[in-house]
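The values are calculated or read from the model by the stated rules, or taken from the named source; none is laboratory data. Keep in mind that this is a model prediction, so the values were computed, not measured. Here the Cβ is made from the backbone with ideal geometry for all residues, glycine too, and neighbour counts use every protein chain on show.
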């Protein structure tokens, strides 16, 4: 790998606040670029700030010396031709940077990760695990960055999970971040893909998938023998995710799980008896999505879940007390503590709202000083943008569905007259939308469209029953939820029934195509972005680690070929009576480019109106290069032709 380490004076301008107030059409590129700053992380002593920054069609690592911010320029680390994915401080002078690059693996475009390390001044660069060895046709992509623990009491080492020969049986290694030396700590049993260690860095729990079973192993204190905690069928869809070993009682693990209830909660779990002994926090309606704990004393501080936005139940008063000091100064934003120094003197604050792109702030606690640091979308900062309204409606079987409505700036909610509308189903499908800032939604509302985002059954975050209600329901009940939401919007007088288009990416692209198949009278056009069109081809994909049991469990049963065929848009092209735009990244590693190629051929054969836009060198997320602006331009033109 070739490293380019240099200083760029112009990057320091990112500290300056920009402003704007025009309510007119904003430049397309302002929405289509990736966030300019993310993955913000403080060194433990608080002196250095590392960020992932976007410039010139790639992501770089940028390091700021906060003690000398006025006199020194930020250090920019470029890893040509690799793009930065993530950053973590191993200690106060050494930063670990994960980079990735597209590689061709047989018929698949994959993304290979590599773990690298630099001193804070850019010196002493190392590339870890760059063996040049191909692990296997399927798993060489996973060799890069599986950091298990930063070992705060050992500044020279971190723990990583790695096995170049068998991804399903991960080993635990101690990695010297200055010499690249690897020392085997623990060999994993088959089915071990994740590790949890105690405060001393000793492996205590291993979890993972083996065949069609989910397994968990534990090693008792002062023992070398591993014991099976449980071995449950994947079809049970239960979550057991250990997040922390108790600092005072090593027989207690803190676990995220829905074994005890419908929603995911945080529990104390006694390893010796393999039993849940205390519920720490569980919301009756929403899954716990994140646990915050102090990286030094390994004590839990808070538990988070998403209702319409992220909410946190604090177990330690320190963090909410800090946020209370800042909230009065930024009343229009929701606030999150992203990182903090060990002594709590320097804190990174993430401030965001549905109608305001996120900003980063630095809070100096001793001086009680809040300082703006960076924009995520600088060209949109200060511009009039749309707010998001949470709504609910009843699906045809009386299941309550949550959704979000965004109206153009200047329009009231609900709007005074029906508006041209975009239905925007999310990808996943085991994901969800929330009421945060979304550049695509803002682009569409800026162009005059009302936008509906539906958390259809099968979406995550609403408990096990709701999640399982979407299993093997591609094109069926999940699709009906989207249809019912669209009809509800029309019935409420918000959507113009003669000007509605369904647009989606990944699974959302599949839903857009099935909307064109099943309800062509409801929509005037459909847009599939990196979408699935052939369910059987998806299930027989080469990437069997993802699409083996996952496909059979979530997409459909191989024994029901008729259902798979019936709900594959490639087999239903003749039923489509509205214009279709197909856009697909040529280097998509999740949904093959051939999925849209097949759909284009089927539409052509059926004599249907369609456009096919290959997005050259784009990946599934379309973050790099000119791919996203090209897509937005095509989308703007297509919607303008069919909804105005």
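Select from region 433-457 the residues that are free of Cβ contacts under 8 Å to residues at least 60 places away in the same chain, part of a loop (DSSP other than H, G, I, E, B) and touching a helix residue (DSSP H, G or I) at 6+ places or on another chain (Cβ under 7 Å) and list them in ascending order.
456
Pick out, from region 204-303, the strands (runs of 3 or more DSSP E) lying fully within it that include 3 or more residues that are at pLDDT below 95 and in contact with a helix residue (DSSP H, G or I) (Cβ under 9 Å, 6 or more places away or on another chain).
Answer list for region 204-303: none.
What about residue 338, is it touching a residue at least 40 places away in the same chain (Cβ under 8 Å) and either within 22 Å of residue 149 (Cα to Cα) or under 20 Å from the mean Cα position of the chain (by Cα) (or both)?
Yes: the conditions hold for residue 338.
Would you mind telling me which numbered condition in (1) at pLDDT 90 or above; (2) buried (at least 16 other Cβ atoms within 10 Å of the Cβ); (3) in contact with a helix residue (DSSP H, G or I) (Cβ under 7 Å, 6 or more places away or on another chain); (4) part of a helix (DSSP H, G or I) residue 633 fails?
(2)
Which condition does residue 470 not pass, out of (1) out of contact with any helix residue (DSSP H, G or I) (no Cβ under 7 Å at 6 or more places or on another chain); (2) outside any helix (DSSP H, G or I); (3) closer than 15 Å to residue 402 by Cα, if it passes all the others?
Exception for residue 470: condition (1).
Can you find a residue in region 583-601 that is in contact with a helix residue (DSSP H, G or I) (Cβ under 8 Å, 6 or more places away or on another chain), at pLDDT 95 or above, under 22 Å from residue 439 (Cα atoms) and not in a helix (DSSP H, G or I)?
There is at least one residue in region 583-601 that is in contact with a helix residue (DSSP H, G or I) (Cβ under 8 Å, 6 or more places away or on another chain), at pLDDT 95 or above, under 22 Å from residue 439 (Cα atoms) and not in a helix (DSSP H, G or I).
Got at least one residue in region 285-295 being buried (at least 19 other Cβ atoms within 10 Å of the Cβ) and under 30 Å from residue 409 (Cα atoms)?
The answer is no; no qualifying residue exists.
Scanning region 609-630 for residues that are in contact with a helix residue (DSSP H, G or I) (Cβ under 6 Å, 6 or more places away or on another chain) and closer than 17 Å to residue 577 by Cα, which turns out surrounded by the most Cβ atoms within 10 Å (Cβ to Cβ)?
The extreme case among them is 610.
Confirm whether residue 330 is touching a strand residue (DSSP E or B) at 6+ places or on another chain (Cβ under 7 Å) and assigned to a loop (DSSP other than H, G, I, E, B).
Criteria met by residue 330.
Report whether or not residue 183 is within 19 Å of residue 291 (Cα to Cα) and part of a strand (DSSP E or B).
Judged against the criteria, residue 183 is not a match.
Scan region 504-522 for residues that are closer than 19 Å to residue 420 by Cβ, in contact with a helix residue (DSSP H, G or I) (Cβ under 6 Å, 6 or more places away or on another chain) and surrounded by 24 or more Cβ atoms within 10 Å (Cβ to Cβ) and jot them down.
504
If we keep just the residues of region 360-393 that are over 26 Å from the mean Cα position of the chain (by Cα), without any contact (Cβ under 8 Å) to a residue 60 or more places away in the chain and in a loop (DSSP other than H, G, I, E, B), which is surrounded by the most Cβ atoms within 10 Å (Cβ to Cβ)?
Across region 360-393, the extreme among qualifying residues is 365.
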